[in-house]
Structures are given as structure tokens and as C-alpha cells.
Amino acid sequence: MSIIIKKLVSSETKFNKISGILSTLEINKLYSIKDILTLIGQIDNLKSNTLKNIPKPVQLSGQNLMSLDSLYVDMTYQRVLRLQEIINKIKESGFDIEAAGYVDVAIRPGGPEGIKTVWDGFRRCIMAGVCGYTHIYASKTIHDSHASDKDCQKKEARLFQKRNTQEKMKPEEVFKSEVVYEDGLALKTLDFIKDCELNVAGLNPDGKPLGGLTELRSNFKSWNKNFDDEDIDPDSDGGYDWDEKYWIESSKIIREVWDKPTDAVVSVYLLRDLSWLKTVMAHCDKTYSDDDIIEALKEWKKKNNKHNQKDITSTGFKNKRITSLFIAKHILNDDNGLVKKLTSHLSDDQRVLLGAIEI
């Protein structure tokens, strides 16, 4: 299925407007390279001002040339298109069609000539088009004639991930590719993210964005130690089972307390630290309900004029033992044994640090 990007009215042709559209292209849809270039071409003064000094395109010849108008891109596994980065790169170093080399195109079943999807080289196609080229050199991968769209996506995503892993892809970009080619651990992690009603890389659009994936993956199914900390008590972290219900409950707490449109994301550190607090609290004689925690967080925010989740996580230096202790002591005002229990799991270095900051 191809998606046609509409022509915008003049009032919508500001750079930020069009850049925003391109950065939110949806997954499970094919977009025409031609339509994307047409959209970019509507930006006011782009070629007459911003890119007025770029060299004219050279004449291309030879085999393996493909028309940019014939190509599509599947955003299911591709990186987000950040137009400003592309424009900056063109302005700084231009665009050399020969140095760009061949883009990789997969031929999916469909139509008399198949559907040509760019699985590697999407940005080079956009750069070429912006610089005035109508064709680009391409190598072809031909899918099985009976392959479904899902099968094609999986194969292209696997090729994309293998090709680009060494280019320091963002964790979210790697994760999205793993999900598409159905890596087992990635699929389980995605199910967990969905259970928490969170969204990573557009894979759960109805969820609230999660601010950071690496820490969640490091703590998925088992607790990861912070930095190089060693437990005083060998049964400390190791004595607590990882339970996803505490993460799900903590996500709900955060989303309820930080529920305004300006609260754009759920902090992965606060999610982890509340989950750790609830894990330890389950081993105390008295516990706090989710409503108790929500009420305490809201009261703390109001009383101290604190609005951001990082106001809490930065206090604990993004360390789960210190931050959870801060929450118990200064937000919950605990006198039920939770503070004592959390304190017992601090390392010597953490105790010294706490003494210095007087938590």
C-alpha cells in the first residue's frame, strides 16, 4: 500500500512544519520517494536561498540506474527521517553521487515490474533528489514471487540491521529492526513495553513515549547493578525477584502524576527506580498503595514547585538505590521500615555520597 503525501497550502510550507511531517512518517506503510521529495520541494526558499550554492547535478550514465520516482521506502524498519540533518550535511560537504555509491533496492511482488523499496540508502536518495538528481545507482535484491509484504519486511529489516549495526545506530533504531525480523527477545521486550502502555520507536503508537530504552533492556527480566556497585549483602539485589507487575504499576503511577501534554515522556530511570522501590517494599511489613504513592508524588511536586521527573532522578544520580531511598524518605515520608530496608542495600561508596549530599 502506498501513501501519497498531500500538497500543502502556502501557509504550511515552513521548514519546521514539513520537517515535522517527515519525522513522523508511520510504520507499516510504504512512502513514495517522489512524494517525499515533492513535499520537501514545497519548503519556502529552500533551493533559492538555503541550498543556492550547491553544484548542479552531473550527467549520469551506465547500467544500474534507477529513477528516484520509481522507488519507495518502508518506514517499519527505517530510521526516522531528520530533514535538518540532511540539509546540514549537504550545506557542509555537498553531495557526491559517485561517493554515494549504490543504494540497495528490494523488488517486492506487485505490479508488472514489482514494488521497488529502498532498504539501505534512503537518506542518499533524499539527498540526491534535493540536489537535483532524478536517478541514482542501485543494486537489486529480488524477493520470492510468492513472498507476502510481511515476509519482505522481515527480510529487508534483517538486511538493514546487519548492514547498519556498525554505524552506531540508536538503540531504538536497532530495536525496531529486531522487532520487524522477529528476534525472540525483542518481541518479548515489546510485549512488556506494551503492557506498560509505553511507546518506543513508534511500535506502540497508543502508548506514552519512553525516554530511554537501554536501561529498560538492561533490567528486563533481571535487575542490573548500577555502575560497578558491589552488594554488601550477597542476598541484596540477588534476593529480589524481578516482577513485571511492579514495572506496569510504576508506569501507571508516572503517567497519572505526569499527565499534562508537556510531560512528553516517561523517564526510564524513574520507571526503574519506582519498580525497585515497590520490589523492596513487598518485603516490608507495611506497604504503600499506588494511590498513596500517586498522592505523595503530587503533593511533593506542588509543595516544592517541582515539575519534571528528572527533579527526582537527578537527586539520586540516576542510581536506583539512592533515588528509591530519596522517594521513600522525602516523598513518602516513610516510617514503616522501607527507608531502613533501602538503606541496608547501600554500598559504602553510596553511604559516603549520601552523607555528602545529606539526602
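The values are calculated or read from the model by the stated rules, or taken from the named source; none is laboratory data. Model, not experiment: these values are computed from the prediction. When we count neighbours, we look across all protein chains shown, and the Cβ atoms used for this are built from the backbone with ideal geometry, even at glycine.
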The residue that is surrounded by the most Cβ atoms within 10 Å (Cβ to Cβ), considering only those in the stretch 17-56 that are basic (Lys, Arg) and in a loop (DSSP other than H, G, I, E, B), is LYS29
Go through the stretch 172-230 and report how many residues are closer than 25 Å to LYS318 by Cα and either assigned to a loop (DSSP other than H, G, I, E, B) or basic (Lys, Arg) (or both). 22
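With LYS116, LYS155, LYS91 as the choices, which residue is assigned to a helix (DSSP H, G or I), modelled with pLDDT of 95 or more and not small (Gly, Ala, Ser)? First the steps, then the outcome.
Details: LYS116 fails: assigned to a helix (DSSP H, G or I); LYS91 fails: modelled with pLDDT of 95 or more.
The conditions single out LYS155.
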Residue count, the stretch 298-316 (criterion: at pLDDT 90 or above, closer than 20 Å to LYS252 by Cβ and assigned to a loop (DSSP other than H, G, I, E, B)): 2
I'd like to check something: does the stretch 273-288 contain any residue that is hydroxyl-bearing (Ser, Thr, Tyr) and over 25 Å from ILE193 (Cα atoms)? yes
Anything in the stretch 86-95 that is closer than 15 Å to SER19 by Cα and either under 17 Å from the mean Cα position of the chain (by Cα) or touching a residue at least 40 places away in the same chain (Cβ under 8 Å) (or both)? List them, or say none. ILE86, ILE87
Which pairs turn up if I take residues in the stretch 23-35 that are under 18 Å from VAL105 (Cα atoms) and look for partners that are at pLDDT below 90 and among the hydroxyl-bearing types (Ser, Thr, Tyr) with beta carbon separation below 6 Å, at least 6 apart in sequence or on another chain? LEU30/SER2; SER32/SER2
Check whether at least one residue in the stretch 125-143 is over 25 Å from LEU60 (Cβ atoms) and touching a residue at least 12 places away in the same chain (Cβ under 8 Å), and report yes or no. yes
Near pairs, Cβ below 8 angstrom, 6+ apart or cross-chain, from the stretch 259-271 (farther than 22 Å from GLY316 by Cα) to any residue that is surrounded by 15 or more Cβ atoms within 10 Å (Cβ to Cβ): none
Within the stretch 158-171, work out how many residues are surrounded by fewer than 18 Cβ atoms within 10 Å (Cβ to Cβ) and in a helix (DSSP H, G or I). 7
Of (1) touching a residue at least 24 places away in the same chain (Cβ under 8 Å); (2) exposed (fewer than 15 other Cβ atoms within 10 Å of the Cβ), VAL73 satisfies every one except (2)
